[in-house]
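Take a look at the structure set out below.
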Amino acid sequence: MNRQQKFVSIAAVAAVVCLLTWLRLPTKTAKAEPHDPARPVAVALVKRGPVVNSLILSGAFRPYQQVDVHAKVAGFIRTIYVDVGDHVKAGQVLAILEVPELSAQVAGAKADIHRYQDAIRRAQSEIERADSTHAAYHAAYTRLKQAFDSRPGLIAEQELDDSMAKDKETEAQTESARAAMAESQSQLMAAQADFDRLSALEGYSHITAPFSGVVTKRYADTGALIQAGTASETQSMPVVQLAEWSRLRLVVPVPESAVPRLQLGSVVRVHVPAMNHDFEGRVARFADALNDETRTMHTEIDVENADGALKDGMYAEATLILQQQNDALTIPIQALERTSSGGTVLIVDGQGRVQERQVKIGTESSERVEIVAGLKENEQVVIGNRGEFHVGEKVRPKPVEEESEAGGTV
């Protein structure tokens, strides 16, 4: 009986296991789903939009102008009015030098002018006296000559000769006085020129700002001896260093490939990472020659800095627009395979088959490329690994979402 019960139990367990296995098997439907042999392929639409070929270059800001201000004449600093960080205007006095010997030379030149002016007045008086004397002797000689000619023997020849000699002597004295007058006038002009020269040098004792800017360095203090900046045998010390910061220069190296498209006056977006702010600049000047070692061209971008927010030496990134099309027919750049004649793309036609097209390309960005010829708007181009597909293959296109921005950087 025990053996029979054990057999029944085993048979029941086996039956339960078979039932559960049968229940877990998938039921076959009366109608099987159709099998699609076409492989899926990622595609993007050919569409119109802006495409920008731009170049991001890094550089540092430099002052628009910067100069070490020297003294024209040597002397001691009597007063210095500015210090580091002070804003100054063009023509503003920065420091005054004490030059005692120059002041004495100016006073001496002024005295020479007065002396020669007095000499001119004396020469003028001498000319008037000589003219008067000559007029008297000439009149006397004329009367004697007329009497001698009208009544011979009435006037002795010796008396006539003496009168003629006096006439000629006074005439010579008149010419001499006029020559002395001319000499005094020449000496006065020389004295005036010397006085003007010394006065100009004395004016250089007032050291002024050549342009509006900021004092970035101060080299000397009150009482310091400053050598003349024109003395070649001495190393003269400047008084201050002045920089113009109302406008800054951003110096960037433009690579050789971008040089042909660089244009003066083009607008540049300048991003300053330290401030996380963008500024507008313009290409103001470039060297028009490449550096032999780096194969780049020195280019300067002017950026207005009226509020002084930008500082000398700040790092910045400039985005140069080399080419731009606002309504171009574009495709993702990864869909293009470049060739010597332009490029080729794979498209999916209306029957879902892969076809190859020869295209002509235009402006490029980092993400999209302009198609000048070879494609139409809304056609589907294959992106990704083109080697997995061959022309004529049946595929199932799967559109890929794209960013709305078509521009980028290269």
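So the values come out like this:
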item: Yes/no for Arg178 being basic (Lys, Arg), at pLDDT 85 or above, more than 30 Å from His70 (Cα to Cα) and out of contact with any Gly (no Cβ under 7 Å at 6 or more places or on another chain); result: yes
item: Among residues of region 107-145, those that are buried (at least 16 other Cβ atoms within 10 Å of the Cβ), among the hydroxyl-bearing types (Ser, Thr, Tyr) and free of Cβ contacts under 8 Å to residues at least 40 places away in the same chain, counted; result: 2
item: Failed criterion for Asp36 (all others in (1) assigned to a loop (DSSP other than H, G, I, E, B); (2) within 30 Å of Glu377 (Cβ to Cβ); (3) modelled with pLDDT of 65 or more hold); result: (3)
item: Extreme residue, surrounded by the fewest Cβ atoms within 10 Å (Cβ to Cβ), among residues of region 72-101 that are aliphatic (A, V, I, L, M) and at pLDDT below 90; result: Ala74
item: Matching option when the condition is under 30 Å from His114 (Cα atoms) and not in a loop (DSSP other than H, G, I, E, B), among Ser163, Ser184; result: Ser184
item: Cβ pairs under 8 Å, 6+ apart, first in region 146-160 and open to solvent by 70 Å² or more (accessible area, probe 1.4 Å), second among the hydrophobic types (A, V, I, L, M, F, W, C); result: Leu154/Ala147; Leu154/Phe148; Glu157/Phe148; Glu159/Leu144
item: Tally of residues being open to solvent by less than 70 Å² (accessible area, probe 1.4 Å) and either among the basic types (Lys, Arg) or in contact (Cβ under 8 Å) with a residue 60 or more places away in the chain (or both) across region 363-388; result: 15
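Residue-by-condition table, conditions (1) within 29 Å of Ile56 (Cβ to Cβ); (2) open to solvent by 20 Å² or more (accessible area, probe 1.4 Å); (3) basic (Lys, Arg):
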{"position": "His298", "(1), (2), (3)": "yes, yes, no"}
{"position": "Lys311", "(1), (2), (3)": "yes, yes, yes"}
{"position": "Glu317", "(1), (2), (3)": "yes, yes, no"}
{"position": "Gln325", "(1), (2), (3)": "yes, yes, no"}
{"position": "Leu346", "(1), (2), (3)": "no, no, no"}
{"position": "Gly352", "(1), (2), (3)": "no, no, no"}
{"position": "Gln358", "(1), (2), (3)": "no, yes, no"}
{"position": "His390", "(1), (2), (3)": "no, yes, no"}
{"position": "Lys394", "(1), (2), (3)": "no, yes, yes"}
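The values are calculated or read from the model by the stated rules, or taken from the named source; none is laboratory data. Owing to the predicted nature of the structure, the values given are computational and were not obtained by experimental measurement. A quick note on method: Cβ atoms are made from the backbone with ideal geometry, for glycine too, and the neighbour counts reach across all protein chains shown. We work out accessible area using only protein heavy atoms, side chains counted, and drop any ligands, DNA or RNA first. Shrake-Rupley method; radii C 1.70, N 1.55, O 1.52, S 1.80 Å.
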